[in-house]
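Structure first, then comments.
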Amino acid sequence: IESSIPAPLRDTWKKFAATEFKEKEAFQKEVVKHIETTLARSLYNCDELAAYSGVALAFRDRLIIDWNKTQQAHTLLDQKRVYYLSLEFLMGRTLDNAMLNQQMKDTAVDGISELGFRMEDLIDQEHDAALGNGGLGRLAACFLDSLASLNFPAWGYGLRYRYGIFKQEIIDGYQVEVPDYWLDFNPWEFPRHDITVDIMFYGHVRKYTEEDGRTSHVWEGGEVVQALAYDVPIPGYGTPTTNNLRLWSSKPSTGEFDFQKFNSGDYESSVRDQQRAETISAVLYPNDNIDVGKELRLKQQYFWVAASLYDIVRRFKKSGRAWSDFPEQVAIQLNDTHPTLAIVELQRILIDKEQLDWDDAWNIVTQTFGYTNHTVLPEALEKWSVPLVQNLLPRHLQIIYEINLYFLQTVERRFPKDRDLLRRVSIIEESNPQVIRMAYLAIIGSKKVNGVAELHSDLIKSTIFKDFVTIFGPDKFTNVTNGVTPRRWLHQANPKLSALIAEKLGGYQFLKDLTLLNGLEKWADDKDFQREWMDIKYSNKQRLAKYIKETTGIAVNPHALFDIQVKRIHEYKRQQMNIFGVISRYLALKKMTKAERAKQVQRVSIFGGKAAPGYWMAKTIIRLITAVSEVVNNDIDVGDLLKVVFIEDYNVSKAEFLCPASDLSEHISTAGTEASGTSNMKFVLNGGLIIGTCDGANIEITREIGEDRIFLFGHLAEDVEDLRHAHRYGKTEMDPALREVCDEIQKGTFGDPGIFGGLIHALTDGGDYYLVSDDFASYLATHKLVDEAFKDPQSWANKCIMSVSAMGFFTSDRAIQEYAENIWNLEPVPM
Ligand code: 73E
């Protein structure tokens, strides 16, 4: 209140309020002003980076105006808000998205060309904001876009890493990691030097008795680090709603604790403490679907969760409401178990700081949180060692024990004498050392638990969380199938296709209601429309071919079938099966006569994706792909019939030109391992077909588009256990085609076979855990069907158009609407 302008002066103030540019000249004026003043450059000294910066600053001003209005409106209305807590936000670039969401891109393209620049070149100057590993982080970014586009009052909370996911270079065929320092010029963030929170680690808990006889706890004597807020505006599409993403950065505390050390002359250790403080938000852990359990990661989690909750609670308290209203005003969604400590932290705030009774506090907590599970892979389920937590967060450990005690007591009352059940569902696993099972804590502390695709949500209920369904009943568990934002993944990535669709549907309303795509159905057999459609696909493939030529030197024919698998490299995603299939194709081509070869479909096999730096097997898979590409691409017998390409440093902005350029994309995880997948949705939405297993969202995609428009193969999730069992007991023989591939690798056709020993071992003595051999025959046979289908361009085009027309379900808008209705109980703010 004290910081607002006195009422009588506000009219003067409003007379000078910032306004948004609306036409070309006003835009140009803003750009030149920013280049000449904000950036201190001139028309004699303006390169593409300066021009990009000028355009970015001009659009940033527009965003800020809408953002201020949105935040004021939300504060005034004081409706329920949702807070999306995610350790990862894989935003990619902002400028193009901001121009499109504000529906000002055409004006800007025109305006900037009169100033001597091509907008594509400027857009290309921007560094990706790559604060995430893969699907989980990108999902968070799509959700922010949908929340704003649907006018929901929502905030994202995350960490402002100084280094995002590493940049991947391929050197001599191997992945090399290069740090991603992305902050030298970032016009899209605003430091809020007035918004800081002190966060404590270590220390001890002191118990004392209050005057009324109750026991209280203080956590004290620890090390304090400061969290500083950086805000990022999130514009909705075709609405002024602009939400806030708040990212915390760590700094040394300016509080008394550190002055003590300084004053006592302990400079060295004081400097070390400062560096330690900055380390917390320094780097994103580069592991997708793997839990490593490092202390610094736990520090990141608590630092971010504690700062965010402090902020959320502070905002709630300003409203002057009773604590019991908290769950009516606040919904907090946990993106996987990474923010699970928020449950414990809120309980701690309520009992230790706000003096609520345990039960009242716990009721509030368990009405506030929702937990989204993203994986069933055992190696990805977070477990924190008890000694580690004891040392870093002693009060939280006490509270976790207490939560567990009360929980186990209720279980015991309902299921007396079932000691094994108690052992199975305890938050504490009795291993050596003991560990805390974060997923169990998340379930117990949340109102709702959801998986991210139907199969996945069923699987968590029948496997890893089975006992909790028995205890809490089935209604606590629900499904929200993932989605992707059509603004970025159709309109921005594939402007030509978006324009063609708009022409047929009479406008761009489909970008706000993706089910309108079903209006394309009636054009699916129209020859002219098919030709326009496939011409766009061809030009997207040409653009990719040009990029491949420029970056790798490999010449690929844009008329060939482009077969793309881009995603993090992981054994469960089975890029190894794909490259084995490529080798098998290569061997078959080598055996053919010239006449037979002439009848084959030309293929370009394109791979891309990062391996976690410590994941040896994933790195070996990359090495095999690059080795095969060297041999195959230089074999004159093969020529254009087969090319193999590894795209370096796959990221969001590369996905934006890869998705529109596929004829076929691969989503071939071992059944039951890929929770959802989201690139499957992006590829189909861009008019590509997919080859895939009955896994994750592939199943629902099949249901929507029809099974004759997808190339499904392989065993089902329900078969997996038996198949693995058979491998363990040596009751299987390797698929003969796969045997041939392995023999060829071992002969040295792709270089020193010693390099690939691990891959072969995984298939043989390793027990073939991902069932490559079991699915291989069906995989190859299905690729043959793909070739046959590709030979009939009209029927292929029809399949693509019909598929796109049926993709309405997979918008992240639908997913967000489901969360709002079934989990958050959240209403949009009318704008
Ligand atoms: O299937 C994808 C899913 O589409 C799943 O593997 C991914 O989340 C996507 C969005 O729901 C995912 N990432 C992680 N777990 N599941 C993960 C785990 C630990 C660290 C980083 C990411």
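The values are calculated or read from the model by the stated rules, or taken from the named source; none is laboratory data. Everything numeric in this text was worked out from a predicted model, so none of it was measured. Heads up, the Cβs are rebuilt from the backbone with ideal geometry, glycines too, and the neighbour counts pull from every protein chain shown. Heavy atoms of the whole protein, side chains included, go into the accessibility calculation; ligands, DNA and RNA do not. Shrake-Rupley method; radii C 1.70, N 1.55, O 1.52, S 1.80 Å.
Calculated mean residue ellipticity at 222 nm for the chain: -14000 deg cm²/dmol, from DSSP H runs with n ≥ 4 weighted as -39500 (n - 2.57), summed, divided by the residue count and rounded to 500. Modelled this way, with points 7 Å down the Cα-to-C-beta line, the labels at Arg214 and Arg314 are 2.5 nm from one another. Divide the volume of the convex hull around the Cα atoms of the range 1-53 by the residue count and you get 130 Å³ per residue.
With only the Cα atoms considered, the range 317-418 has a convex hull volume of 142 Å³ per residue. Near Asn450, the amide H atoms lying under 5 Å from its own belong to Tyr371, Thr372, Asn373, Thr478; only residues 5 or more places off or on other chains count, and H is placed 1.01 Å from N. Under the definition of Cα pairs under 8 Å and six or more residues apart, what whole-number percent is the relative contact order of the chain? Averaging sequence separation for qualifying contacts and normalising by length gives 13 percent for the chain. Where a ≥ b ≥ c are the square roots of the eigenvalues of the C-alpha gyration tensor, would you call the range 493-809 rounded, which needs a/c under 1.5, or, failing that, prolate if a/b is larger than b/c, or oblate? Prolate. Residues in the range 433-441 carry Karplus couplings, in order, of x, 4, 10, 9, 8, 5, 5, 5, 4 Hz; the curve used is 6.51 cos²θ - 1.76 cosθ + 1.60 with θ = phi - 60°, and Gly or Pro positions show x. Under 5 Å from the amide H of Val435 lie the amide H atoms of Val386, Glu429, each residue being 5 or more positions distant or on a separate chain, with H modelled from the backbone and absent for Pro and chain starts. DSSP assigns beta bridges within the chain; of those with both partners inside it, close to 45 percent run antiparallel. Peptides 581-590, 45-54, 552-561, 484-493 ordered by packing proxy, namely the average of other Cβ atoms within 10 Å per residue, highest first: 484-493, 581-590, 45-54, 552-561. For the residues Met438, Met802, a 1.4 Å probe over the protein chains yields an accessible-area ranking, largest first, of Met802, Met438. Which whole-Hz ³J(HN,Hα) couplings does the range 417-431 yield from phi under the Karplus relation 6.51 cos²θ - 1.76 cosθ + 1.60, θ = phi - 60°, glycine and proline marked x? For the range 417-431, the Karplus-derived couplings read 6, 9, 5, 5, 4, 4, 5, 5, 9, 4, 5, 9, 8, 7, 9 Hz, x marking Gly and Pro. Remark: the range 352-357, residue by residue, has Karplus-estimated 3J(HN,Hα) of 7, 9, 9, 6, 6, 5 Hz, where x stands for each Gly or Pro and the curve is 6.51 cos²θ - 1.76 cosθ + 1.60 at θ = phi - 60°. In the context of the full set of protein chains, the range 442-601 has a per residue accessible area of 39 Å² (1.4 Å probe).
Quick one: pull the percent of accessible area on the range 667-760 belonging to carbon and sulfur, 1.4 Å probe, ligands and nucleic acids left out. Carbon and sulfur atoms account for 47 percent of the accessible area of the range 667-760. Give the calculated FRET efficiency between Arg272 and Tyr181 to the nearest 0.05, with a Förster radius of 25 Å applied to their Cβ-Cβ distance. Between Arg272 and Tyr181 the formula returns 0.65. At a probe radius of 1.4 angstrom, the accessible area of the range 747-811 per residue rounds to 38 square angstrom.
For the range 269-358, GluC sites (Glu not before Pro) are listed when DSSP marks them as loop and at most 14 other Cβ atoms sit within 10 Å of their Cβ; the list is Glu354. Taking amide H as placed 1.01 Å from N in the peptide plane, Ile690 has its amide H under 5 Å from the amide H of Ser665, Phe711, each at least 5 places away in sequence or on another chain. In plain terms, the chain from Glu733 to Lys591 could stretch by 48.7 nm, reckoned as 0.36 nm per residue minus the Cα-Cα distance. All other residues whose Cβ lies under 11 angstrom from that of Cys142 are scored, Lys and Arg at +1 and Asp and Glu at -1, for a net of +2. Quick check: Cα centre of the range 470-502 to Cα centre of the range 317-340, how many Å? Comparing the Cα centres of the range 470-502 and the range 317-340, I get a distance of 25 Å. Is the range 255-406 best put as rounded, prolate or oblate by its Cα gyration tensor, with a ≥ b ≥ c the root eigenvalues, rounded for a/c under 1.5, and otherwise prolate when a/b is larger than b/c, oblate when not? It is oblate, given that a/c is not under 1.5 and a/b is not larger than b/c. Measuring nothing but protein heavy atoms, the accessible surface of the range 1-136 at 1.4 Å probe radius is 55 percent carbon and sulfur. Working note: Cα atoms of the range 643-754, range along each principal axis, descending, whole Å: 41, 37, 24. Using the Cβ of Pro8 as centre and a radius below 15 Å, the other residues enclosed give a net charge of +2, where K and R count +1 and D and E count -1.
Under the criterion of Cα pairs below 8 Å and six or more residues apart, the relative contact order for the range 493-809 equals 24 percent. Averaged over residues, the count of other Cβ atoms within 10 Å places the peptides 111-124, 229-242 in the sequence 229-242, 111-124, highest first. Note on the range 537-623: with neighbouring protein chains present and a 1.4 Å probe, carbon and sulfur make up 56 percent of its accessible heavy-atom surface. Of the listed pairs Lys599/Lys784; Lys567/Lys619; Lys537/Lys567; Lys522/Lys799; Lys496/Lys791; Lys549/Lys654, which have alpha-carbon separations greater than 23 Å here? Among Lys599/Lys784; Lys567/Lys619; Lys537/Lys567; Lys522/Lys799; Lys496/Lys791; Lys549/Lys654, the Cα-Cα distance tops 23 Å for Lys496/Lys791. The Cα atoms of the range 41-168 give a gyration tensor whose axes a ≥ b ≥ c have a/c of 1.5 or more with a/b no greater than b/c, which makes the shape oblate.
The ratio of the alpha-carbon radius of gyration of the chain to the globular-protein estimate 2.2 N^0.38 Å is 0.98.
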